[in-house]
Amino acid sequence: MVDSQTNLAWATLLDPTGAGPAHQRLARALRAAIRSGRLPTGSAVPPSRALAEDLGCSRWVVTEAYGQLVTEGYLAARVGSATRVAWTPDDAPRGRVPRPRTATASPRYDLAPGLPDLRAFPRRRWADAVAAVTGAISVDDLGPPDPRGHPTARRTIAEYLQRSRGAVATADTVTVCAGITDGLTRVARALRRLGVDTVAVEEPGWSRLRAAVTGAGLAVRAVPVDGDGVRVDALDGVRAVVVGAAHQFPSGAVLSPARRAALVRWARSVDGFVVEDDYDAEFRYDRRPIAAMQGLDPGRVALLGSVSKTLSPALGLGWLLAPGVLSAAADPVPAAPPVLDQLALATFVNRGWYDAHLRAARRRFRLRRDRLLAALAEIIPEATVEGTAAGLHVLLHLPDGTDARAVVRAAAAHGLRLVDLDTYRAEKPAAPTPVLVLGYGNLADGEIAPAVAQLRATLDRV
């Protein structure tokens, strides 16, 4: 029944050999695969036409076999849906047959930070960009990729950073990477090759940045952040620091002009480097986005950015704009992100779609932030909000003595996802800080009032 054109994976799985008509042999092989766990409960079997082509038999053979197994309860068929394995091995030894995993229930309201509005992802225009690239890509571009990124993508990113972030950039100084964490890992490895053994990171700060530094074999020094940004006077004994200059996460502080100047002077005095994390820098609502500090000293400041907060983290696309000495010391990497994705981003930017998307996103997030602040003021008036009119989150200061960790746990039990400020500290304080980090990027407008009302109810319970 199986010819030379058979799909080998299904041929190995089914191996419909033996005596009897073809449909009975196929049913027997499928039944055995289901009972042994090779086809676990809930998994889909191929469409009858596709499996018939793979096995080199008529479609009737497959439909008859499927029909028999549906009758016996091994398969379940629904109109408009795939035919799936329905047999549950109740009498089988525990662990022999894989059971379907129970999906973790999504919270009803998600106020955790870190995501843009995924509902607003520009699907059609991104698909158009991918289609344009796929149809026009050259044969040479289908070969082994440049580890630094495709030249077109690097040139487009350099031009974007020059006009939108005030950076000093050329295609030769840009590296396309998989995101900020990937870019920082590359920088940290280069710093290690230059003799740097410790990197300062902001406290509180994003834990993945600390993990990227330690993963490269370097020690981490946590330095405090105040209303003007990172404390430059706490950088004694180190030669490199990672900072969020435009909008520090999670404090929301903007690095003041005086601190920017002091940080550059410090880097020059210690022959060191500043790694600028351009986290959600495109979103400023009370004025134009502040330029990247990389332009103050391109020889001392590396700039990290990505589309994770502007488009989607699922794209896995970012960039590193590094001083020449860091680029020269960087370890070679196997490959940059997929070339088609890089060129799709370049097309998306060059056609003006990225700028249009950002303009619409700024308007949407500004209104959403205003609505959130209004709801908090009305429903939880005893709490205060801190944070620049920027980014995708705010800090909510609860009354003194409130156990923010207990609030997070109690809220989760009632379908509300929250994150407290101490989550982002390298060292947790003995007494919980009564501050929540509320994200509104991926929160639907209609969910704001009920989410805040749920938070009010949680505070009352705690």
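The values are calculated or read from the model by the stated rules, or taken from the named source; none is laboratory data. Computed from a predicted model, the values in this text were never measured in an experiment. Cβ: placed from backbone, ideal geometry, glycine included. Neighbour counts: every protein chain shown. Ligands, DNA and RNA are stripped out before the accessible areas are found, and what is left, the full protein with its side chains, is counted by its heavy atoms. Shrake-Rupley method; radii C 1.70, N 1.55, O 1.52, S 1.80 Å.
Summary of values
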read-out: Solvent exposure, largest accessible area first (probe 1.4 Å, DNA, RNA and ligands not counted), of 268, 125; value: 268, 125
read-out: Dimensions in Å of the chain - Rg and Dmax from alpha carbons; value: 27.4, 85
read-out: Cβ-placed point charges (K, R +1; D, E -1), dipole of the chain about Cα centre in debye, nearest 20; value: 620
read-out: Calculated on alpha-carbon atoms, Rg and Dmax of the stretch 331-434 in Å; value: 19.9, 54
read-out: Contour excess over end-to-end distance, with Cα ends at residue 77 and residue 269 and 0.36 nm allotted per residue; value: 62.0 nm
read-out: Charge dipole (debye, nearest 20) of the stretch 163-240; +1 at Cβ of Lys and Arg, -1 at Cβ of Asp and Glu; value: 380
read-out: Helix-only mean residue ellipticity at 222 nm for the chain, each DSSP H run of n ≥ 4 adding -39500 (n - 2.57), per residue, nearest 500; value: -12000 deg cm²/dmol
read-out: Label-to-label distance, nm, for residues given as residue 378 and residue 53 (7 Å Cα→Cβ offset); value: 5.7
read-out: Length released on extending from residue 461 to residue 88, taking residue separation times 0.36 nm less the Cα-Cα span; value: 130.1 nm
read-out: Gain upon complete extension [residue 63, residue 43; 0.36 nm per residue less C-alpha separation]; value: 5.4 nm
read-out: Relative contact order %, the stretch 223-290, counting alpha carbon pairs below 8 Å whose residues are six or more apart; value: 34
read-out: Accessible surface of residue 57 - all protein chains present, 1.4 Å probe, nearest 10 Å²; value: 30
read-out: Inter-site label distance for residue 314 and residue 194 at 7 Å from Cα along Cβ, in nm; value: 3.7
read-out: Heavy-atom accessible area ranking, 1.4 Å probe, most first, across 456, 189; value: 189, 456
read-out: Listed residue (86, 39, 391) projecting farthest to the positive dipole end of the chain, Cβ model; value: 86
read-out: FRET efficiency, residue 428 to residue 231 (Cβ-Cβ, R0 22 Å, nearest 0.05); value: 0.65
read-out: Relative contact order (percent, whole number), the stretch 137-249, Cα cutoff 8 Å, 6+ residue spacing; value: 21
read-out: The stretch 103-220 - charge dipole about Cα centre, Lys and Arg +1 at Cβ, Asp and Glu -1, debye rounded to 20; value: 140
read-out: Fraction of accessible area attributable to carbon and sulfur, the stretch 306-462 (%, probe 1.4 Å); value: 54
read-out: Accessible solvent surface per residue of the chain, calculated while the other protein chains remain in place, 1.4 angstrom probe, Å²; value: 46
